[in-house]
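For reference, the structure discussed in these notes is given below.
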Amino acid sequence: MDVKNKRVLVVGLGASGLAAARFLKARGAKVTVSDSRPATLITELTTLLDEGFMVETGGHGLLTFRRQELIVVSPGVPQTVPELKQVRALGAHIIGELELGAEYLQGEIVAVTGSNGKTTTTTLIGEIFKAAGRPTLVGGNIGRPVTAMVDESLALGGGSSGEAGPSPSAQDDKATVWSVLEVSSFQLETVESFKPRIALVLNITPDHLDRHGTFEAYWAAKARITEFQDAGDFLILNGEDVETQKVAAKTKAQIYWFSAKRQIKQGAFAYGESVFFAAQEGKAPEPVMPLSEIPLAGKHNVENVLAAVCAAKLAGISTEVIRETVKSFKAVEHRLEFTRELDGVRYYNDSKATNVDATMKALESFAGGIWLILGGKDKDSDYTTLTPLIRERVKAVITIGSAAEKIERQLAGIAKIESAGTMDRAVGYARAQAAAGDTVLLAPACASFDQFRNYEERGRVFKALVQGLGIRD
């Protein structure tokens with residue numbers, strides 16, 4: 001994609017939009033940036049003006065959109081923005097930051113999507129590849145925008161890009177750069193040629209319905225991860241997730257499965273007390289490691305490890321490297337992250353549990369005695385699906401944020417409910433009420449944007465409050 005001297009509009013000035021704007025300008029594009037927020041809320045505004053960008057704030061001008069040869073949309077900007085809908089109807093070329101960056105990335109791409117587990121699995125795959133001596137970059141929906149990874153991928157030496165490649169046994173090429181990307185439904189909405197060598201769909205459960213409108217639209221966005229793959233590529237799917245299984249019908253890639261419940265013919269699975277990998281149907285599976293060596297809490301993390309094992313084996317990485325990396329892997333921040341034990345009460349930060357299914361997985365990780373902090377910005381979720389686990393394992397639900405009233409209404413009579421409103425009051429209440437042996441769990445089942453900038457800030461506030469708690473007299 002040659003952008004030199006092209007008029008390009010970047011819509012949305014979050015981290016991805018800023019990275020895309022600078023990436024395009026460095027390649028000679030005539031870049032305009034547009035953000036619906038007022039100028040006073042855009043911290044990078046002065047810097048952007050100093051760098052020579054044309055900046056539109058406080059709304060989007062239709063004329064600005066119509067003047068462009070290419071429009072790059074940040075993931076946080078809905079495709080239903082009126083100006084985007086109008087210029088799309090006129091034939092405008094509209095892509096996302098993921099599509100733009102992937103066009104330029106050198107080497108091979110591993111792309112991970114799913115409603116839950118993306119960050120853990122992406123991070124683990126990145127660690128395994130690095131431990132194997134592969135030039136590896138990790139980013140996308142976590143950490144670095146894709147456009148911010150391009151220059152480093154070039155510097156690391158590159159490799160094949162976009163052509164059908166060798167079989168798994170021939171892929172042990174330590175010169176090839178691997179970009180391991182977490183990709184969201186928002187990013188996948190705007191792809192038009194995105195073609196990962198290895199794609200993973202971990203699970204698909206209702207999420208972001210406030211953005212996508214229907215579960216069917218959300219599912220369709222997730223399934224686009226494999227839309228442009230071919231027979232030289234690989235698609236890894238969860239053999240125990242019904243909605244994920246349906247993606248198999250959408251691909252031309254070679255399908256591998258993972259299952260934590262049963263033996264499968266091609267892929268990674270847990271059987272008895274061990275993890276195995278079956279390279280292909282009809283061949284004896286290879287033992288990888290004992291389940292007891294997986295250091296992460298929760299059954300869902302066994303699935304995440306199995307998915308990572310499958311990706312690593314398809315890239316030709318040795319079983320020894322995989323086993324040693326998994327054994328030493330620590331939970332990512334904000335994902336069932338142990339924060340502190342105080343007076344026999346254990347505190348866990350799972351701020352990244354931003355949907356109901358993630359909260360269910362968090363609850364399944366503890367036997368009982370849970371003081372559950374729920375709430376934030378609602379995503380058109382159904383909290384009643386938490387009912388069985390709350391009845392079985394939760395002593396009290398402590399609500400925060402703008403979704404509190406809806407949560408309290410849907411869970412009325414299921415458990416004791418304390419309306420705390422804010423994180424500091426929620427932590428204080430849990431501290432006062434929890435007894436030795438109990439667990440205080442932040443697993444909000446909601447987005448964070450009502451009270452915090454993002455889930456990271458929410459988790460760090462929780463951890464700071466917990467660390468500041470004093471010992472009881």
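Tabulated data for the structure shown
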{"read-out": "Accessible area of the chain belonging to carbon and sulfur atoms, whole % at 1.4 Å probe", "value": "50 percent"}
{"read-out": "Contact order normalised by residue count of the range 340-473, Cα under 8 Å, 6+ apart, percent", "value": "39 percent"}
{"read-out": "Cα centroid separation - the range 305-362 against the range 274-304, whole Å", "value": "14 Å"}
{"read-out": "Spin-label proximity, residue 449 to the range 202-246 - amide N less than 19 Å from point 7 Å beyond Cα toward beta carbon", "value": "206-215, 217-219, 221-222"}
{"read-out": "Proximal charge balance of residue 42 [Cβ under 12 Å; K/R count +1, D/E count -1]", "value": "-2"}
{"read-out": "Length gained when the stretch residue 90-residue 384 is fully extended (0.36 nm per residue, less Cα-Cα span)", "value": "101.5 nm"}
{"read-out": "Farthest positive-ward along the chain dipole, Cα basis, beta-carbon charges - from 248, 212, 139", "value": "212"}
{"read-out": "Most positive-pole-ward Cα, 93, 280, 264, against dipole of the chain from beta carbon charges", "value": "93"}
{"read-out": "Set of lysines near residue 377 by C-alpha distance (under 17 Å), chain-local residues within fewer than 8 positions excluded", "value": "352, 406"}
{"read-out": "Under 16 Å from the Cα of residue 395 - lysines, other chains or at least 8 residues apart", "value": "416"}
{"read-out": "Positive-end extreme of charge dipole, the range 325-371 - chosen from 353, 325, 368 (charges on Cβ)", "value": "325"}
{"read-out": "For the range 397-473: accessible area per residue (Å², 1.4 Å)", "value": "45 Å²"}
{"read-out": "Separation of alpha-carbon centers, the range 408-433 and the range 94-127, rounded to whole Å", "value": "37 Å"}
{"read-out": "Cβ charges +1 (Lys, Arg) and -1 (Asp, Glu), total dipole of the range 270-404, debye", "value": "180 debye"}
{"read-out": "Within-11-Å neighbourhood charge of residue 7 [Cβ basis; K, R +1; D, E -1]", "value": "+3"}
{"read-out": "The chain - percent relative contact order, Cα under 8 Å, separation 6 or more", "value": "11 percent"}
{"read-out": "Helix-only mean residue ellipticity at 222 nm for the chain, each DSSP H run of n ≥ 4 adding -39500 (n - 2.57), per residue, nearest 500", "value": "-9000 deg cm²/dmol"}
{"read-out": "Dipole moment magnitude, nearest 20 debye, the range 187-240 about Cα centre, only Lys, Arg, Asp, Glu C-beta charged", "value": "120 debye"}
{"read-out": "Sequence-distant lysines (8 or more away, or on other chains) whose Cα lies within less than 24 Å of residue 130", "value": "118, 174, 195, 313, 327, 330"}
{"read-out": "Cβ charges +1 (Lys, Arg) and -1 (Asp, Glu), total dipole of the chain, debye", "value": "200 debye"}
{"read-out": "Extension reserve of the residue 26-residue 284 stretch, reckoned as 0.36 nm per residue once the Cα distance is removed", "value": "87.7 nm"}
{"read-out": "Accessible solvent surface per residue of the range 282-388, calculated while the other protein chains remain in place, 1.4 angstrom probe, Å²", "value": "35 Å²"}
{"read-out": "Label of the coordinate-derived value, Rg/Rh (Cα atoms, Kirkwood Rh), listed as [x] 0.98; [y] 1.12; [z] 0.94", "value": "[x]"}
{"read-out": "Placed amide H near residue 56: partners under 5 Å, 5+ positions off or other chain", "value": "33, 34, 35"}
{"read-out": "Cβ-Cβ FRET estimate between residue 422 and residue 252, R0 fixed at 45 Å, reported to 0.05", "value": "0.35"}
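The values are calculated or read from the model by the stated rules, or taken from the named source; none is laboratory data. Bear in mind that the values here come from a model prediction, so they are computed numbers and not experimental data. Every residue, glycine among them, receives a Cβ derived from its backbone with ideal geometry; neighbour counts consider all protein chains shown. All accessible areas refer to the heavy atoms of the entire protein, side chains included, with ligands and DNA or RNA removed. Shrake-Rupley method; radii C 1.70, N 1.55, O 1.52, S 1.80 Å.
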